[in-house]
1. Given the options B:Leu363, B:Leu299, B:Leu201, which has the most mean-square fluctuation in a GNM of chain B, springs set between C-alpha atoms less than 10 angstrom apart?
2. Return the value, in Å² to the nearest 100, of accessible area buried between chains A and B (probe 1.4 Å, both sides summed).
3. Would you mind checking the stretch A:60-89 for residues with the amide N under 17 Å from a putative spin-label position 7 Å along Cα→C-beta of A:Glu5?
4. So, by mean Cβ neighbours within 10 angstrom, what's the order for B:49-58, A:68-77 with the highest one leading?
5. Taking amide H positions as placed 1.01 Å from N in the peptide plane, with prolines and chain starts having none, which residues 5 or more places from A:Tyr156, or on another chain, fall under 5 Å of its amide H?
6. So, by mean Cβ neighbours within 10 angstrom, what's the order for B:273-281, A:232-240 with the highest one leading?
7. Tabulate in residue order the Karplus-calculated ³J(HN,Hα) for the stretch B:245-260, using 6.51 cos²θ - 1.76 cosθ + 1.60 with θ = phi - 60°, rounded to whole Hz; enter x for Gly and Pro.
8. Quick one: order A:His187, B:His127 from most to least accessible surface, probe 1.4 Å.
Amino acid sequence: MSDLESFRQRAQSWLEESCPASMREPVQHQQDIEWGGRAAQERNDDKMLWLERLGKQGWTCPTWPAEYGGGGLSNEEAKIVQEEMRRIGARPALTSFGISMLGPVLLEYANEDQKKRFLPEIVQGKIWWCQGYSEPGAGSDLASLQCRAEDKGDHYLVNGQKIWTSYADKADWIFCLVRTDPAAPKHDGISFLLFDMASPGVTISPIALISGASPFCQTFFEDVKVPKDQIVGKLGSGWTIAKRLLQHERSMIGGMGFGIGGGPSRTIPDVAKEYCGEVDGRIADPASRQRVAQFQMDQRCFSATTRRAAEEAKAGTPPGPKSSMFKLYGTEMNKRRHELLISLMGTQALGWEGDGFSAEELAETRDWLRSFGNSIEGGTSEVQLNILAKRVLGLPD
Amino acid sequence: MALVLTEEQELLKQTAREFIQEKSPVSELRRLRDARDPTGLDRGLWKEMAELGWAGVLYPEEYGGMDLGYVELGQIFEECGRALVAQPLLSTVVLAGGCVLEGGNETQKKDVLTAVAAGERLLALAHQEGAHHDPHAIATRAESKPDGYELNGRKTFVLDGHIADQIVVVARTSGENGDRDGLTLFLVDPDTAGLEITRTLMVDGRNSSLVELDRAVVSRTSVIGEVGRGANILDRVLDRATVALSAEMLGTLSEAFDKTVDYLKTREQFGQVIGTFQALKHRAAQMFVEIELTRSIVLEALSAIDADDSDTSLLASCAKARCNDAIFMIGNEAIQMYGGIGVTDEEDIGLFLKRARVTQLTLGNSAWHLGRFATLQGY
Ligand SMILES: Cc1cc2nc3c(=O)[nH]c(=O)nc-3n(C[C@H](O)[C@H](O)[C@H](O)COP(=O)(O)OP(=O)(O)OC[C@H]3O[C@@H](n4cnc5c(N)ncnc54)[C@H](O)[C@@H]3O)c2cc1C
């Protein structure tokens, strides 16, 4: 038996023993997703049990080095773990910006002490991280950010405002872009800072979305003291790290959408048959039938592209500007998916709350409204097109 | 199924590209067209391609082939597509040759495939009857007679028909127009009495013809496969040809895009290159993304054929519909981005546009493939 085969067997039996039965049920609601964090440590339900077990094994971050709490697995082994988890329907134990965004840049840019300090907590889901990038005056033009951090000898003093900070009201720590040198050209005066959201001087005010949910906040910093060893990379080199993190974020967002993130659990053709009727096994309305087929074909092409990129990527290569393609297409596609679903479901997908609608229908309305943020968060579609044109096609400014 | 090429496959692709750049750049298609060349392609060049093994890529070694797969053949198609090479790969090797390979008896295979692999024989498939691809819409009749079968009917859009040394004719031995059952394939000599071939000049300068059958009598030994069960062969061959053509389209649309991006970087207006304008940049980036998706699905479909995957038909439709839409978008955008020069005959980009439209309609437009995809998916 090859090493990989025996690894598969060990993974199988470990998962069989360790994954609680309730964690093998499909993720259906937002609250099924586990984000970890300090508050979560107080709970002792199946979700936490699963997180604790998987985290100890390092398999929430299978390819990260074992010395920082990761699984220390090769790409092939990590793929096996993923396959085996999928086979038994195991849910991801942890979803977090720590795993998908911060961790990879810490591995690349942080010093040894910082890696030892922050990475194991990310793997085990002990800290919930949020992202402090956008400001009221700095959205697409992120590098024009104004939030200041002043050198006060033994610490930095942070003053300013962030906006659209997802889950700032739940998060424990923030990775934050701050201006440390207002005199320098705008890309050069930025630094990448980590700090505790419980620090004195941090205030948070949630913002309601069109979907009715309130997942993001305005975040204010007034004389927040940050120890100096919490800057990642050199003073003034934050922009490079910030951009790399965005590439990781874009790959992540681009790949999302088809797993969690809503939509009826039935397939789109089944939804179409239910709401539009069926003649001889076909979706009754030919125009809807064509739209469903078009969507499914594009989905198939996109998933082939995701797989091709994974095969092409050499082990450990960070995502490049091509990640903009996945962000762009993945999110536009997710929006299309929800538009298609509500057009098929008709007025049943436009209820707000109460009688006359199933829970699934009401959820679809909200998911559809949420999907509008997909092509804005993590950099708008237009910004992704700018990046592709410039960095991939080499078209000049 | 792997979605990256192996080193050998990369090498094959590279060799193909270099050979074509040297022997048959786009100017060669222009030359054939302007000269109203009676064969419409260069048989000498085809012979050279066969010597490189291209004509027999798919065929077993015992017939002089290389016994490789569609992923390999696809790379050759793609490179031919890049330079709009007039060659008989689709008509001879994949369509008509494919029918013999899939359904022929030993004698037929030995005779036909060996000659094709050597570059000595050209074939054509006489299949389509109306203005659109519709595989089982066959009205052409084959009636059993004491001395063989008598064929009556009319075939359109027969690729390379007027230069073919043998023609595979799809005719109905039973059933009604539209039925899948009752089709039979015949391997026919173009000199058969009652068989008339007329060359039709197409907008892309490539070969096509009408084949009319008026009481043309062919022998019983000319039947390929089983009488009345021709669709079993035909459907498999059409899926494979659809994917091979998709690979050619991928080459054509990629080249049209590369040319256009080069143009955006060189043409100046308002004191700057036009590639600085965001209105054009965004459209170029959109096309880039469409091409990446197209490349993935074409590769997946080619690999599916080689793996004899049960999703092959589904993927063939997926690949063709996507190539159709991508080549349409890129052909049209390219002309617009070139401005006035784009609509002149002198600039090559127009040749890409013309070829784009012909390939879109060959072996099924997008609506047809969408419908088939939905049917295969059970809705
Ligand atoms: C659901 C959601 C979650 C988010 N979570 C976070 C978070 O956790 N942390 C965080 O820091 N931020 C977060 N954001 C903020 C997000 O990154 C910004 O909204 C985004 O970068 C766009 O900035 P903006 O909203 O200021 O829009 P603007 O930049 O004002 O853009 C307005 C319009 O102008 C277009 N535009 C702008 N510049 C150009 C250009 N150069 N070329 C062409 N078009 C242009 C845009 O594409 C857009 O259509 C989140 C946003 C959403 C919607």
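The values are calculated or read from the model by the stated rules, or taken from the named source; none is laboratory data. Note that the structure is predicted; figures quoted are calculated from it, not measured. Glycine also receives a Cβ, built like all others from the backbone with ideal geometry; neighbour counts cover every protein chain displayed. Ligands, DNA and RNA are stripped out before the accessible areas are found, and what is left, the full protein with its side chains, is counted by its heavy atoms. Shrake-Rupley method; radii C 1.70, N 1.55, O 1.52, S 1.80 Å.
1. Largest GNM mean-square fluctuation: B:Leu201.
2. On the way: alone 19950 and 16140 Å², together 32540 Å².
The A and B chains share an interface burying roughly 3500 Å².
3. In the stretch A:60-89, the label zone of A:Glu5 (backbone N under 17 Å from the point 7 Å along Cα→Cβ) covers A:77, A:80.
4. Details: B:49-58: 21.5, A:68-77: 18.2.
Per-residue mean Cβ counts within 10 Å order the peptides as B:49-58, A:68-77.
5. A:Val226, A:Lys228
6. Numbers: B:273-281: 17.1, A:232-240: 18.8.
Most protected by this proxy first, the peptides run A:232-240, B:273-281.
7. 5, 4, 5, 4, 4, 4, x, 4, 6, 5, 5, 4, 5, 4, 4, 5
8. On the way: A:His187 80, B:His127 15 Å².
Ranked from most to least accessible, the order is A:His187, B:His127.
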